[in-house]
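Notes to accompany the following structure.
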Amino acid sequence: MAYLADSLIFFAFVLVVTDFFAMSYGVFTAAGAILFVVGTVILFSVMHAVPAFFIRIVLPTYITLTVFVSIFVYLGYKAYRAKVKTGGAALINQEGEVAKDIKEGGEGKIFINGELWTAFSDNEIVKGSKVVITEVDSKLRLKVKPIGNTK
């Protein structure tokens, strides 16, 4: 019975470590925590030298598991609070440079973040001018307005 408990505890640790490398959204960690609790309960029921075993094996494992879960919670909260870095929302208020003239009410090209985008504006903007992105439409075209000097 002690071997079963040892195996459950070992497998619990493997699941927690696996959650670092697999995108399981905490499922492996939760399963590892459950297996760890079940394994320690079984182990306590068959072991007679509980205090020595607890200090030597179980307590460090509980502490390690608590640290891992705390790190996951912290990183998850940090990711939740982070500003959007991709998609159209990330482009709003960024500056770019006109690569192809933008006619008034028409389209042109702008260069931003190493990419060439289709842009439109209410004003005529010539090549080489700096622009700021004000919105992204449903066709992924960028609405821009000129800033600073225009050539």
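The values are calculated or read from the model by the stated rules, or taken from the named source; none is laboratory data. Just so it is clear, the structure is predicted and the values come from calculations on it, not from any experiment. In this analysis, Cβ positions are derived from the backbone assuming ideal geometry, glycine residues included, and neighbour counts consider all displayed protein chains.
Observations on the model:
- Residues of region 34-47 satisfying the condition of being within 14 Å of Thr64 (Cα to Cα) and either more than 30 Å from the chain's Cα centre (by Cα) or modelled with pLDDT of 85 or more (or both): Phe36
- Residue count for region 111-123, restricted to those that are surrounded by 15 or more Cβ atoms within 10 Å (Cβ to Cβ) and part of a loop (DSSP other than H, G, I, E, B): 1
- Only listed residue being touching a Gly at 6+ places or on another chain (Cβ under 9 Å), among the aliphatic types (A, V, I, L, M) and farther than 30 Å from Val136 by Cβ, chosen from Val67, Val14: Val14
- Those residues of region 70-89 which are exposed (fewer than 10 other Cβ atoms within 10 Å of the Cβ), more than 27 Å from Lys139 (Cα to Cα) and of a type outside the set (Phe, Trp, Tyr), in sequence order: Lys78, Ala79, Arg81
- Filter pass, Phe10 being more than 30 Å from Ile133 (Cα to Cα), at pLDDT 90 or above and part of a helix (DSSP H, G or I): yes
- Selection within region 21-40 - in a helix (DSSP H, G or I) and either without any contact (Cβ under 8 Å) to a residue 24 or more places away in the chain or in contact with a strand residue (DSSP E or B) (Cβ under 8 Å, 6 or more places away or on another chain) (or both): Phe21, Val27, Phe28, Ala30, Ala31, Ile34, Val37
- Residues of region 125-151 that turn out to be exposed (fewer than 15 other Cβ atoms within 10 Å of the Cβ), farther than 26 Å from Lys83 by Cβ and not hydrophobic (A, V, I, L, M, F, W, C), as a count: 5
- Residue within region 1-22 that is over 16 Å from Phe68 (Cβ atoms) and polar (S, T, N, Q) present: yes
- Region 70-106, residues that are in a helix (DSSP H, G or I) and of a type in the set (Lys, Arg): Lys78, Arg81
- Every pair of residues 6+ apart whose Cβ atoms lie under 7 Å, when the first sits in region 93-108 and is over 10 Å from Glu124 (Cβ atoms) while the second is at pLDDT 90 or above and polar (S, T, N, Q): Val98/Ser129; Glu107/Thr118
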